[in-house]
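Just below is one structure, and these are the notes that go with it.
The values are calculated or read from the model by the stated rules, or taken from the named source; none is laboratory data. Being a predicted model, the structure only gives us computed values, none of them experimental. For neighbour counting, all protein chains shown are included, and Cβ atoms are generated from backbone atoms with ideal geometry for every residue, glycine included.
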Amino acid sequence: MTQAERDWPLWEVFIRSKSGLEHKHAGSLHAADATMAIEHARDLYTRRMEGVSIWVVRSSEIVASDPGEGAALFEPARDKVYRHPTFYEIPDEVKNL
Amino acid sequence: MYTQGLDQLGRSELHVSSADSAALEREFLAHIDREERIEPKDWMPPAYRQTLIRQISQHAHSEIVGMLPEGNWITRAPTLKRKAVLIAKVQDEGGHGAYLYSAAETLGVARAQLIDQLLAGTAKYSSIFNYPTVSWADVGAIGWLVDGAAIMNQIPLCRCSYGPYARAMIRICKEESFHQRQGFEIMLTLARGTREQRSMAQAALDRWWWPSLMMFGPSDADSMHGAQSTRWKIKRISNDDLRQRFVDVTVPQAQFLGLKIPDPDLLWDGERQHYRFGAIDWSEFNEVLKGNGPCNHERLAARRRAHEEGRWVREAALAYADRKAARAEAAA
Amino acid sequence: MSQAQFDYLLRLGDTSLILAQRLGEWVGHAPAVEEDLGLANIALDLIGQARLFLSYAGELEGCGRDEDRLAFHRDVPEFRNFALVEQPNGDFGATIVRQFLLDTYQRELYAELLRSKDERLAGIAAKSLKETEYHWRFSSRWLVRLGDGTADSHERVQRALTDLWPYTNELFDADATDRAVAQAGIGPALGTVEARWRPAVGAVIEEATLARPAERGKLTAGKRGMHGEALGYVLAEMQFLQRAYPGGQW
């Protein structure tokens with residue numbers, strides 16, 4: 001319906017609470033760049049917390065292990081964290097996606 | 001771009017023979033039966049994936065569209081405190097929509113595609129947000145009844161079989177409790193107020209009661225997706241059971257407020273220990289779902305306008321990001 | 001209580017309140033849900049500030065007017081906000097420009113107010129400063145993205161900057177209230193605030209590849225109750241319920 005618009009890339013967010021020991025995966029969000037991703041993460045995932053540490057990583061940069069030998073019949077080897085449509089087939093002329 | 005991802009989705013399914021497929025399905029069901037969560041990289045039947053994409057995205061759309069009927073009263077809230085609380089509530093709803101789109105994206109669909117479906121009118125969202133908020137009491141009624149119904153629906157979803165959806169729901173439920181309390185408190189203040197305020201509260205209850213009951217969806221016998229969703233532990237409690245719970249919990253609250261529920265057939269059944277209630281007019285529900293509710297048009301128009309008018313902003317942000325990255329590369 | 005002190009608190013409270021009111025219009029209509037949250041977050045903080053400033057003003061006045069009495073039962077000439085913040089939202093770019101100009105001001109002003117001889121005011125400033133840092137990061141980063149984004153976005157924010165620039169004159173135009181407050185050690189000399197505001201704004205404007213408007217333009221006096229036509233509509237919407245149903249508890 002709308003003409004093709006490049007969407008903001010997807011980022012995974014990791015938060016360590018003020019008294020926390022490690023960063024935990026909180027979810028994902030869309031942002032145009034890393035600075036915006038941190039700002040969005042602060043608004044979206046830490047609205048009620050002070051003194052938190054935020055990591056954001058491009059979802060397409062994450063390398064994930066296979067679910068494990070118990071799930072013998074899992075999805076064919078794809079090392080992405082999940083199968084997001086934008087992780088693949090990036091045309092040469094489009095940068096940073 | 002996102003259609004290419006979906007092509008890959010199709011290709012991978014084709015590699016699996018029907019014998020393997022049966023084995024995969026058995027293993028998958030065993031996971032479900034053991035109350036183990038299904039995670040994004042696990043094999044899942046295509047229909048499971050599609051059902052979840054549909055349900056999670058509808059839920060996400062509902063949160064986003066749901067910002068509008070209440071957002072409508074932010075500039076007119078009657079005290080500074082009420083204004084602040086209402087902004088916080090609507091902000092939460094936006095956040096919930098974002099969490100849910102994130103959960104849907106783990107299933108291999110892009111948020112942009114889901115939003116396009118919403119704006120094209122091909123995606124559904126909760127019927128309740130197609131009703132207008134015409135008085136301040138409506139804000140109270142939405143918090144009390146609509147959020148009350150939503151909570152009832154959402155708590156079982158925290159035990160949904162799909163990991164990302166369940167985790168999003170846990171996060172959402174934690175934030176949800178203040179929403180309903182805020183709404184009820186508004187109703188209480190009005191119910192104890194001037195004659196005009198009491199009328200305002202009663203009128204809102206009259207308008208929002210039946211649409212709230214319809215939120216739980218049609219009776220499971222008439223529901224298309226019910227049986228499969230139950231088997232896959234996406235749906236943990238039936239529509240009718242949730243609706244009954246809601247009525248049982250809410251009627252005493254209305255009595256406390258001194259307001260009358262607009263149902264002449266409402267009656268306590270001592271034997272069953274439940275409230276019996278009148279027949280729901282499903283024709284109204286169907287009209288709203290078809291797009292003929294009081295505000296369907298306005299809601300979509302508002303979202304389309306926001307999306308269109310914001311296009312230059314989103315594009316500018318990307319252009320800036322590209323330029324910054326190019327500079328960084330050149331400097332390196 | 002001095003009239004000047006009361007007036008000064010109203011200026012601080014009304015400015016935050018009217019800006020919050022304008023931002024409230026954006027909720028559900030921003031370019032992306034994340035920006036909805038960002039703007040709502042700022043509005044929420046500003047209302048918090050308004051409540052603190054106005055409550056204090058009402059207490060000092062000693063006539064039984066609380067924050068809501070002041071917010072919902074004064075008419076246009078009694079409002080003391082800068083004319084800048086009552087300007088219509090325009091597009092997202094215009095909203096960002098307005099926000100940035102005011103955020104940079106509040107950032108410098110609240111930092112100065114930490115030293116106020118009025119301890120309660122200093123306390124409010126301390127709390128508000130933390131929030132304003134965040135607002136400023138949001139608005140300045142967006143100004144840079146839009147100024148240095150596409151040709152279209154650049155043109156839009158340049159136009160907004162040119163249109164809104166004259167409204168900043170009022171921020172530094174020291175009048176009797178400003179002088180009395182500075183004399184009493186309650187507020188800073190505006191010259192100090194201006195000396196920080198100009199380079200701070202200049203730096204971001206430059207990074208955004210925008211041009212600082214050359215013309216000084218008109219001088220407004222919203223802080224003395226001289227407003228344009230827009231504020232009347234803002235108040236009509238904001239105050240409707242309390243005016244239509246007098247005497248109610250909400």
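Values for this structure:
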{"item": "Test: B:Ala332 is more than 20 Å from B:Leu68 (Cβ to Cβ) and facing another protein chain (nearest Cβ under 7 Å)", "result": "no"}
{"item": "Top-ranked residue of segment B:58-105 - restricted to ones that are of a type in the set (Lys, Arg) and touching a Gly at 6+ places or on another chain (Cβ under 9 Å), ranked as modelled with the highest pLDDT", "result": "B:Lys83"}
{"item": "Subset of segment C:154-190 [crowded, with 23+ Cβ neighbours inside 10 Å and under 30 Å from A:Trp8 (Cβ atoms)]", "result": "C:Arg156, C:Val157, C:Ala160, C:Leu161"}
{"item": "Set B:Ser199, B:Ser212: member being assigned to a helix (DSSP H, G or I), among the hydroxyl-bearing types (Ser, Thr, Tyr) and under 23 Å from B:Ile151 (Cα atoms)", "result": "B:Ser212"}
{"item": "Count of segment B:72-130 residues which are facing chain C (nearest Cβ under 9 Å) and at positive phi", "result": "0"}
{"item": "Which listed residue, of A:His40, A:His25, is at negative phi, in contact with a helix residue (DSSP H, G or I) (Cβ under 6 Å, 6 or more places away or on another chain) and within 10 Å of chain B (Cβ to nearest Cβ)", "result": "A:His40"}
{"item": "Every residue from segment B:204-223 that is closer than 20 Å to B:His59 by Cα and over 18 Å from the mean Cα position of the chain (by Cα)", "result": "B:Ser219, B:Asp220"}
{"item": "Segment C:57-103 - residue that is within 30 Å of C:Val157 (Cα to Cα) and either acidic (Asp, Glu) or free of Cβ contacts under 8 Å to residues at least 24 places away in the same chain (or both) and, of those, nearest to the other protein chains (Cβ to nearest Cβ)", "result": "C:Asp91"}
{"item": "Conditions (1) in a loop (DSSP other than H, G, I, E, B); (2) over 26 Å from B:Glu196 (Cβ atoms); number of the one not met by B:Ser102", "result": "(1)"}
{"item": "Some residue of segment C:220-243 being among the basic types (Lys, Arg) and within 13 Å of chain B (Cβ to nearest Cβ)", "result": "yes"}
{"item": "Pick from segment C:191-227, criterion of a type in the set (Asp, Glu) and within 20 Å of C:Ala160 (Cα to Cα), ranking: surrounded by the fewest Cβ atoms within 10 Å (Cβ to Cβ)", "result": "C:Glu215"}
{"item": "Looking only at segment B:46-61, and only at residues there that are in contact with a helix residue (DSSP H, G or I) (Cβ under 7 Å, 6 or more places away or on another chain) and surrounded by 22 or more Cβ atoms within 10 Å (Cβ to Cβ), the one that is nearest to B:Ile234 (Cα to Cα)", "result": "B:Leu52"}
{"item": "Some residue of segment C:27-35 being surrounded by fewer than 22 Cβ atoms within 10 Å (Cβ to Cβ), modelled with pLDDT under 95 and either touching a Pro at 6+ places or on another chain (Cβ under 6 Å) or not in a helix (DSSP H, G or I) (or both)", "result": "no"}
{"item": "Hits in segment C:185-208 - residues which are aliphatic (A, V, I, L, M) and over 15 Å from C:Arg11 (Cβ atoms)", "result": "C:Ala189, C:Ala195, C:Ala200, C:Val201, C:Ala203, C:Val204, C:Ile205, C:Ala208"}
{"item": "Breaking point among (1) at the interface with chain B (Cβ under 8 Å from one of its Cβ atoms); (2) in contact with a Gly (Cβ under 9 Å, 6 or more places away or on another chain), for C:Asp14", "result": "(1)"}
{"item": "Residues of segment C:116-127 classified as free of Cβ contacts under 8 Å to residues at least 40 places away in the same chain and either among the aliphatic types (A, V, I, L, M) or under 25 Å from C:Arg198 (Cβ atoms) (or both), total", "result": "3"}
{"item": "Flag for B:Leu300 being in contact with a Lys or Arg (Cβ under 8 Å, 6 or more places away or on another chain), of a type outside the set (Val, Ile, Thr), closer than 30 Å to C:Pro31 by Cβ and surrounded by 13 or more Cβ atoms within 10 Å (Cβ to Cβ)", "result": "no"}
{"item": "Criterion violated by B:Phe184 - all others in (1) under 26 Å from B:Gly71 (Cα atoms); (2) more than 22 Å from the chain's Cα centre (by Cα) satisfied", "result": "(2)"}
{"item": "Of all residues making up segment B:283-314, the number that are away from chain C (no Cβ under 14 Å) and either aliphatic (A, V, I, L, M) or in a helix (DSSP H, G or I) (or both)", "result": "12"}
{"item": "Enumeration of residues in segment C:145-155 that are at the interface with chain B (Cβ under 7 Å from one of its Cβ atoms) and either without any contact (Cβ under 8 Å) to a residue 60 or more places away in the chain or not acidic (Asp, Glu) (or both)", "result": "C:Arg145, C:Leu146, C:Gly149, C:Thr150, C:Asp152, C:Ser153"}
{"item": "Output for segment B:62-96, where each listed residue is of a type in the set (S, T, N, Q) and in contact with a helix residue (DSSP H, G or I) (Cβ under 6 Å, 6 or more places away or on another chain)", "result": "B:Thr75, B:Thr79, B:Gln91"}
{"item": "Residue within segment B:169-182 that is surrounded by fewer than 23 Cβ atoms within 10 Å (Cβ to Cβ), modelled with pLDDT under 95 and among the small types (Gly, Ala, Ser) present", "result": "yes"}
